[in-house]
Amino acid sequence: MNKVLLIGASGSLGQGITAEIYKKVKVTGTYNNTVIDNKNIDTVQLDITHRDGFQSLDTDYDSVILVAGSMPAAMEGYDQNKYFDVNVTGTLNVLEFCRINNIKKIIYIMTFSDVSGSFYTGIPIKETDQRTLTYTGDHAVYAISKVTACELIEHYHQEYGLQTMIFRIPTVYCCDDNVNYHVDGKPKTKAYMQMIRSVMHNKKLELWGELENAKDMPYIKDFARLIFKAIEHPTAQGLFNAGTGNPVSLKEFADAIVDVFAEGDVVLEHKPEKPSQPNFTFDLSKTEATFNYKPKFGIKDLLIDIKENSPSSVFELTK
């Protein structure tokens, strides 16, 4: 049995990965305010920005999954120093923990912000494509910090022989009660949840921007299955796209929401003057070939699972 340290188990991604793999591997996750209610999982608090905190951890792990990170969606206000404190210094501390304790494998979760300049081209983005960061806006320093972390990880692979796998993800849709995030440091409800609530309670749905703009929409249960395959893989190395390869247009997404959540007729209102969703997709050929992986959840499957397994409170209208 693999023994895995999952760092960042209290967030949506961490909780989703833990829920899918805990029966197959031993997981120890770090958490801040969320207590993981599962007697099969050991939990410990850890601040990865402080090296001394790692002394309280066991050291006999086969793999480390680094999910923890500072990101714009979770940042109230704006403090660019946090991005480097957590995403760079924190990653370096995790890498040192692996090196010192002879832990041979690390799996890292990477943002798709490093290729944001390649959106809207209609060409599937490959792992070998040049980085195209956007150097303005609240994601700029965040993206730079994540790229820096990836360079550190590659250094530890080449210098110390760590097996390192970096999974580049777009927004991963999750089944939990974390439906709020931040834009430019201010709290908002996630757009897809606003759409679901509007369909359920108001019997109408606004469609903003270009209806045919399509994006990869991976589901947490598929992503967690991919991570488990990475844990088991003895030689996989480098950067892997972790989208779907089958982008979903805004119109397709809206139709699926209506199919799954509507009771009775729903009025669709197109507002082309409003901002459009991104338009992109990932080339998954490397990921599929390496891990024998195919996403199982289409957009309607994803929404049905969210409806059946999310707390009912997430669908309630907020004041």
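The values are calculated or read from the model by the stated rules, or taken from the named source; none is laboratory data. This structure is a prediction, so every number in the text was calculated from the model and none was measured. Every residue, glycine among them, receives a Cβ derived from its backbone with ideal geometry; neighbour counts consider all protein chains shown. All accessible areas refer to the heavy atoms of the entire protein, side chains included, with ligands and DNA or RNA removed. Shrake-Rupley method; radii C 1.70, N 1.55, O 1.52, S 1.80 Å.
Quick notes
- Filter pass, GLU252 being at pLDDT 95 or above, outside any helix (DSSP H, G or I) and more than 28 Å from LYS23 (Cβ to Cβ): no
Residue-by-condition table, conditions (1) open to solvent by less than 20 Å² (accessible area, probe 1.4 Å); (2) of a type in the set (D, E, K, R); (3) outside any loop (DSSP other than H, G, I, E, B):
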position: GLU212; (1), (2), (3): no, yes, no
position: ARG225; (1), (2), (3): no, yes, yes
position: THR235; (1), (2), (3): no, no, no
position: PHE240; (1), (2), (3): yes, no, yes
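- Taking the listed residues ALA262, ALA254, the one that is farther than 20 Å from GLU127 by Cβ and in contact with a strand residue (DSSP E or B) (Cβ under 8 Å, 6 or more places away or on another chain) is ALA254, with no other qualifying.
- Residue in segment 93-103 that is of a type in the set (Val, Ile, Thr) and touching a Leu at 6+ places or on another chain (Cβ under 6 Å) present: yes
- Residue in segment 142-152 that is assigned to a helix (DSSP H, G or I), of a type in the set (D, E, K, R), in contact with a strand residue (DSSP E or B) (Cβ under 7 Å, 6 or more places away or on another chain) and at pLDDT 95 or above present: yes
- Strands (runs of 3 or more DSSP E) enclosed by segment 1-95 - at least 2 residues per element that are of a type in the set (S, T, N, Q) and modelled with pLDDT under 80: 26-30
- Within segment 242-271, the set of residues being crowded, with 17+ Cβ neighbours inside 10 Å, more than 18 Å from VAL199 (Cβ to Cβ) and touching a residue at least 40 places away in the same chain (Cβ under 8 Å) comprises ALA242, GLY243, THR244, GLY245.
- Residue in segment 69-85 that is closer than 27 Å to GLU232 by Cα and either surrounded by fewer than 17 Cβ atoms within 10 Å (Cβ to Cβ) or not acidic (Asp, Glu) (or both) present: yes
- Contact map, segment 272-291: first residue closer than 16 Å to GLN237 by Cβ, second residue part of a loop (DSSP other than H, G, I, E, B) and of a type outside the set (S, T, N, Q), Cβ cut-off under 6 Å, separation 6 or more or different chains; pairs are LYS286/GLU127; THR287/TYR293; THR290/ALA236.
- Of the residues contained in segment 102-114, none is found to be of a type in the set (S, T, N, Q), open to solvent by less than 60 Å² (accessible area, probe 1.4 Å), in contact (Cβ under 8 Å) with a residue 60 or more places away in the chain and touching a strand residue (DSSP E or B) at 6+ places or on another chain (Cβ under 8 Å).
- Count of segment 156-199 residues which are hydrophobic (A, V, I, L, M, F, W, C), assigned to a helix (DSSP H, G or I) and open to solvent by less than 20 Å² (accessible area, probe 1.4 Å): 3
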